[in-house]
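As structure tokens, the structure follows; a few thoughts come after it.
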Amino acid sequence: MKINKKNLLQTYIQTLGNKEAAKIFKCSAATCKSWRYGHRQPSIRQAHKIIRATKGRINYEVIYGSVFEVINN
């Protein structure tokens, strides 16, 4: 399955399910649901937990977007 880097966090949570992702990321299922549907983004502290839990497969750029996109918007 080809995963678009832009929605990798959402796809990861969808694959695991909100409850399982919440256990892995040490947050509530409601928080994972809000990330999954793009209503919120993880805080820096939460992003660090996600990166560690996924062993770097999901990184800051995947969570927040590339610096290039931020500069050019």
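The values are calculated or read from the model by the stated rules, or taken from the named source; none is laboratory data. Only a predicted model underlies this, so the values are computations on that prediction, with no experimental measurement involved. In this analysis, Cβ positions are derived from the backbone assuming ideal geometry, glycine residues included, and neighbour counts consider all displayed protein chains.
Return the only residue of 29, 53 being among the hydrophobic types (A, V, I, L, M, F, W, C) and at pLDDT 95 or above.
Numbers: 53 fails: at pLDDT 95 or above.
Selected residue: 29, the only one of 29, 53 that is among the hydrophobic types (A, V, I, L, M, F, W, C) and at pLDDT 95 or above.
Looking at region 47-61, which of its residues are part of a loop (DSSP other than H, G, I, E, B) and either surrounded by 11 or more Cβ atoms within 10 Å (Cβ to Cβ) or hydrophobic (A, V, I, L, M, F, W, C) (or both)?
We begin by selecting, within region 47-61, every residue part of a loop (DSSP other than H, G, I, E, B); these are 54-59.
Listed by number, the residues that qualify are 54, 57, 58, 59.
Output the number of the condition that residue 35 fails; it satisfies all remaining conditions of (1) assigned to a loop (DSSP other than H, G, I, E, B); (2) under 11 Å from the mean Cα position of the chain (by Cα).
Every listed condition holds for residue 35 apart from (1).
Would you mention how many residues in region 6-38 are buried (at least 16 other Cβ atoms within 10 Å of the Cβ) and touching a residue at least 40 places away in the same chain (Cβ under 8 Å)?
Going through region 6-38 one residue at a time, the tally reaches 3.
Return only the number of the condition from (1) modelled with pLDDT of 95 or more; (2) surrounded by 15 or more Cβ atoms within 10 Å (Cβ to Cβ) that residue 64 does not satisfy.
(1)
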